[in-house]
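Scroll down for the structure; my scribbles are underneath it.
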Amino acid sequence: MTEIIIVKSQEEAGKIYARCTADLIRRKPDCVLGLATGSSPLAAYQALADLVHKEGIDVSQVRGFALDEYAGLDPAHPQSYRSTINRTVVEPLGLDPAKVQVPNGNLDTIKDAGRVYDQAIEDAGGVDLQILGIGTDGHIGFNEPGSSLASGTRIKTLTEQTRIDNARFFDNDMDQVPTHCITQGIGTILKARQLVLLAFGAGKAEAVAESVEGGISSFCPASALQMHPHATVIVDEAAASRLRNRDYYKWAYANKPDWQSI
């Protein structure tokens, strides 16, 4: 069963992710991190940056692969995921930019970009730890409802709801939000050795409940995490509000052995 951790704040969730990731980097200095954008991972990245600097952790060999990118958006655009990853992960942690890859959304080459990206992940030895957010419709990456649970990296058309949700990053101007993207597929994501999904706020409660306690279905892409051998979902009280077994999840985490990490 997927481990569910209910926390009081995004900062608490971030510290859990940061400790796990920092320990991974110490064990495997050239580890491969799967990187997500959006608001959910920000506290986690900040907590990891704080640990890296506080404990003097060498991140010079760490590699990274972003989940997705908008199609046709200039990589230099401030809301491209290349720019976002640089701003929120690469610079705060002090990673080598050359070791962090983002899917290529260039329209001239996008036809083959998915295959190329999946091969690059495989050539790197696979992702060791993938951080994920979740959309209000249950999407992970840009795998919208109806996405194949075995899919590889590919071009997808964004739903109107996703475009509405992301308009806040584009001055609330829907006309600026791209319609297409290139995203790691659910099958690609599930190949990562460990998954950590973060979700906060009442607006994510239905998607979290469907993902964790509902059936496995392409209707809710994040439900595929139930099939992963090492997945952890960290949510605040609001995002956990519709979980039927939340009391058990709290009890299980409170009684977790000190030696057992996520």
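The values are calculated or read from the model by the stated rules, or taken from the named source; none is laboratory data. Fair warning: this is a prediction, and the values are worked out from it, not measured in the lab. Neighbour counts run over all protein chains shown; Cβ positions are idealised from the backbone, glycine included. Each accessible area value is taken on the protein alone, full model and side chains, heavy atoms only, with ligands, DNA and RNA left out. Shrake-Rupley method; radii C 1.70, N 1.55, O 1.52, S 1.80 Å.
Every condition in (1) surrounded by fewer than 18 Cβ atoms within 10 Å (Cβ to Cβ); (2) closer than 18 Å to ASP128 by Cα holds for ASP50 except the one numbered (2).
The residues listed here are SER223, SER211, SER261; of these, the one that is of a type in the set (S, T, N, Q), part of a loop (DSSP other than H, G, I, E, B) and either open to solvent by less than 20 Å² (accessible area, probe 1.4 Å) or modelled with pLDDT under 95 (or both) is SER261.
Of ASP165, ASP173, ASP236, all but one fail to be open to solvent by 20 Å² or more (accessible area, probe 1.4 Å) and without any contact (Cβ under 8 Å) to a residue 12 or more places away in the chain; the exception is ASP173. Is it the case that ALA205 is part of a loop (DSSP other than H, G, I, E, B) and open to solvent by less than 10 Å² (accessible area, probe 1.4 Å)? No: the conditions fail for ALA205. For the range 110-144, a residue qualifies if it is surrounded by fewer than 21 Cβ atoms within 10 Å (Cβ to Cβ), modelled with pLDDT of 95 or more and assigned to a loop (DSSP other than H, G, I, E, B), and the qualifying residues are ALA124, GLY125, GLY126.
Residue-by-condition table, conditions (1) farther than 23 Å from THR183 by Cβ; (2) touching a helix residue (DSSP H, G or I) at 6+ places or on another chain (Cβ under 6 Å); (3) hydroxyl-bearing (Ser, Thr, Tyr):
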residue	(1), (2), (3)
GLU206	no, no, no
SER211	no, yes, yes
ARG242	yes, yes, no
LYS256	yes, no, no
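Regarding LEU107, is this residue hydrophobic (A, V, I, L, M, F, W, C) and closer than 27 Å to PHE219 by Cβ? Against the criterion (hydrophobic (A, V, I, L, M, F, W, C) and closer than 27 Å to PHE219 by Cβ), LEU107 does not qualify.
Restricting ILE186, ILE155, ILE182 to those that are aliphatic (A, V, I, L, M), open to solvent by 20 Å² or more (accessible area, probe 1.4 Å) and touching a helix residue (DSSP H, G or I) at 6+ places or on another chain (Cβ under 9 Å) reduces the list to ILE155. Within the set VAL32, VAL52, the sole residue that is on the phi < 0 side of the Ramachandran plot and more than 16 Å from the chain's Cα centre (by Cα) turns out to be VAL52.
No other residue among GLU69, GLU11 is surrounded by fewer than 19 Cβ atoms within 10 Å (Cβ to Cβ) and modelled with pLDDT of 95 or more apart from GLU11.
Where helices (runs of 4 or more DSSP H) fall wholly inside the range 9-99, the ranges with 2 or more residues that are more than 19 Å from ILE262 (Cα to Cα) and not aliphatic (A, V, I, L, M) are 42-55, 81-85.
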